[in-house]
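Below is one structure, written out as structure tokens; the observations come after it.
Coordinate-derived values only; no laboratory data. Quick caveat, the model's predicted, so the values are computed rather than measured. Here the Cβ positions follow ideal geometry from the backbone for every residue, glycine too, while neighbour counts run over all protein chains shown.
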Amino acid sequence: MEAKPTDITNEIPEIKFTKLFINGEFVDSVSGKTFETIDPRTGEVITRVAEGDKEDVDLAVKAAREAFDHGKWPRMSGYERGRIMMKFADLIEENVEEIAILDTINAGKILAHGKMLDIPFAAKNLRYYAGAADKIHGKTLKLSQEMQGYTLLEPIGVVGHIIPWNFPSAMFFHKCAPALAAGCTMIVKPAEQTPLSALYYAHLSKLAGIPDGVLNVVNGFGPTTGAAICSHMDIDKVSFTGSTEVGRVVMQAAATSNLKVVSLELGGKSPLIIFDDADLEKAVDLALLGVLYNKARLNNKLGEICVAGSRVYVQEGIYDAFVKKAAEKAKAWVVGDPFHPNTQQGPQVDKKQFNKILSYIDQGIREGATLLTGGKQVGEKGFYIEPTIFTDVKEDMQIVKDEIFGPVMALMKFKTVEEAIQKANNTRYGLAAGIITNNLNLANTVSRSIRAGVIWINCYFAFDFDCAFGGYKMSGFGKDLGMEALEKYLQTKSVVTPIYNSPW
Ligand code: ADP
């Protein structure tokens, strides 16, 4: 009989790397403590990994500091750093299957996503910045008749990267690739839910030839390992992706320690605006893809998603038809084992996230929204949730205001362009937005009025390593991706000198 997506295969491969990676070696934590890492498909333990704490962060920072202050990496030519990064990218591609399996069992990611999107994107991202490593240029400055100067762009120093669970592979390289190209050294703290691929990347970094101490990985929890990074006196910059609440804590810790530079990529509650003239079928597909988060697979098109279009505004002329079609498609959505080729949506990452989503759904019902479809757990094992759509939603409901980080869409109607803009901007966040219409003039005009860091017109989740990504408002500051991300790991030094006897 053919396997169904809900028949979970419990096959777990051998997990090769479970320790901390400090100064080029896999080591136990100083305390000897370990913690469980869980398979969200079943809720069962995959393995235990070393649990880092302040002492381990101290050791990793010591190694990174030494590698920065006295080591080869920041001192070698950009070309040479780029060459090693290219090798790193090759090794990732050679091991794509094994790494994708790690993200599937650890983060619940659809296997095909990992193989075709996340991990190839990680390798491409490395190559993009590898190509930029020897093109880091300062300026020459004429200044005056008596003085001239130039600027040097120098690596910012030792960087702490704190990353979330939603894209364990892509996030690792959103942070590490530009930092490596800049010549920084670093400590990565993967999310406690998803340490496995990060440790694999640590192993590959060594094989690629990245010198010891340049790239360290310390697994652990936010309030311990994460907090130790944010308040460390010898870390020059923290690059954080996670919730707005924790982003605030990160910034406070930076301010009260050594005023390290901070960049924050935080939560979102992104609007998707669908105008009357949109192709209904396509609009519904994009809207579903938008909200079914990074677990979704749409037909054979794969969507890489971290900025759920969870507030969907549909113009009144197509609203009723849209609701009907969205309900039909959401009900037919295949939720199940992310290894299964037919699966369109895998499990949520852990029990905490799963419970949080279900409690938001309850709250939506209590606040008076209509549950059009979904709302419940799928099966009895693991952390699977039905694609959920609410209608009769009001702007002040919690399900419209808060980031839910799950497959929950709030569907609302609008009449005029002005109303759509006002509603889209009615949020403390500003990560992303989507616009669906065949009127490109309208789309471009509305794009200018939406306060968000990225606007997708007639597409969603169209990420590219050359396209800066990062929020407005309480979605943070400091971009990932693009040349903007490289800049955030560099600092400018001005060198000024007198010039004598110039007639000019
Ligand atoms: P999410 O809701 O996506 O889990 P979090 O903001 O809680 O987002 O977590 C994102 C990352 O921040 C994780 O690696 C987590 O361990 C880390 N983190 C959580 N709390 C803190 C903290 N107090 N200081 C530093 N890092 C933290």
FRET efficiency for residue 69 and residue 499 from the Cβ-Cβ distance with R0 = 35 Å, rounded to 0.05, comes out at 0.60
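Take 460, 472 and order them by how many other Cβ atoms sit within 10 Å, fewest up front. Walk me through the numbers on the way to the answer.
Working: 460 25, 472 18.
Ordered by Cβ neighbours within 10 Å, fewest first: 472, 460.
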Two pseudo-spin positions, 7 Å from Cα along C-beta at residue 150 and at residue 48, lie apart in nanometres by 5.6 nm
Region 271-457, Kirkwood Rh and Cα Rg, ratio Rg/Rh at 0.94
Note: probe point = Cα of residue 94 + 7 Å toward Cβ; backbone nitrogen < 14 Å; residues of region 205-222 passing the test are 205-210
In nm, the gap between the two label points placed 7 Å beyond Cα toward Cβ at residue 394 and residue 363 is 1.6 nm
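Set the Förster radius R0 to 22 Å, insert the Cβ-Cβ distance between residue 30 and residue 257 as r into 1/(1 + (r/R0)^6), and round the FRET efficiency to 0.05. Intermediate results must be reported in sequence, preceding the final value.
On the way: r = 21 Å, r/R0 = 0.95.
The calculated FRET efficiency here is 0.55.
Looking at region 271-457, send over the antiparallel percent of its DSSP beta bridges, to the nearest 5. Write down the numbers at each step before the final one.
On the way: 7 of 27 bridges.
Among the beta bridges of region 271-457, antiparallel pairing accounts for roughly 25 percent.
For the chain, what does -39500 (n - 2.57) per DSSP helix run (n ≥ 4), summed and divided by total residues, give at 222 nm, in deg cm²/dmol to the nearest 500?
Details: 15 runs with 177 residues, N = 504.
The per-residue figure over the chain is -11000 deg cm²/dmol.
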Most exposed first, judged by fewest Cβ atoms within 10 angstrom, 144, 239 run 144, 239
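May I ask you to derive the relative contact order of region 271-457, considering only C-alpha pairs under 8 Å and at least 6 residues apart, and to give it as an integer percent?
On the way: 346 pairs, mean separation 48.0, N = 187.
The normalised contact order for region 271-457 reaches 26 percent.
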Most exposed to least, judged by fewest other Cβ atoms within 10 Å, 70, 340 sort to 70, 340
Under the 7 Å Cα-to-Cβ spin-label approximation, residue 280 and residue 77 lie apart by a distance in nanometres of 6.2 nm
The ³J(HN,Hα) series, computed from each phi in region 276-283 with the Karplus coefficients 6.51, -1.76 and 1.60 at θ = phi - 60°, rounded to the nearest Hz and given as x for glycine or proline, is 3, 7, 5, 6, 4, 4, 5, 5
Sequence order, region 478-488: Karplus ³J(HN,Hα) from phi using 6.51 cos²θ - 1.76 cosθ + 1.60, θ = phi - 60°, Hz rounded, Gly and Pro as x, gives x, 8, 9, 6, x, 5, 4, 5, 4, 4, 6
If each part is reduced to its alpha-carbon centroid, region 27-72 and region 198-213 end up apart, in Å, by 14 Å
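Give me the orientation-averaged projected area of the Cα convex hull of region 33-163, in nm², one decimal. The partial results should precede the final answer.
On the way: hull surface 46.2 nm².
Over every viewing direction, the Cα hull of region 33-163 projects on average to 11.5 nm².
Ratio of the chain's C-alpha Rg to 2.2 N^0.38 Å, to two decimals? Mind dumping the intermediate values first?
On the way: Rg = 23.5 Å, N = 504, 2.2 N^0.38 = 23.4 Å.
Normalised Rg, Cα atoms only: 1.01.
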Semi-axes (Å, rounded, descending) of the ellipsoid equivalent to region 157-292 per its C-alpha gyration tensor are 32, 19, 13
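Let me have the relative contact order for the chain, percent, based on Cα pairs under 8 Å that are six or more residues apart.
On the way: 1185 pairs, mean separation 93.1, N = 504.
Normalised by residue count, the contact order of the chain is 18 percent.
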Of all DSSP beta bridges having both residues in the chain, the percent classed as antiparallel (nearest 5) is 45 percent
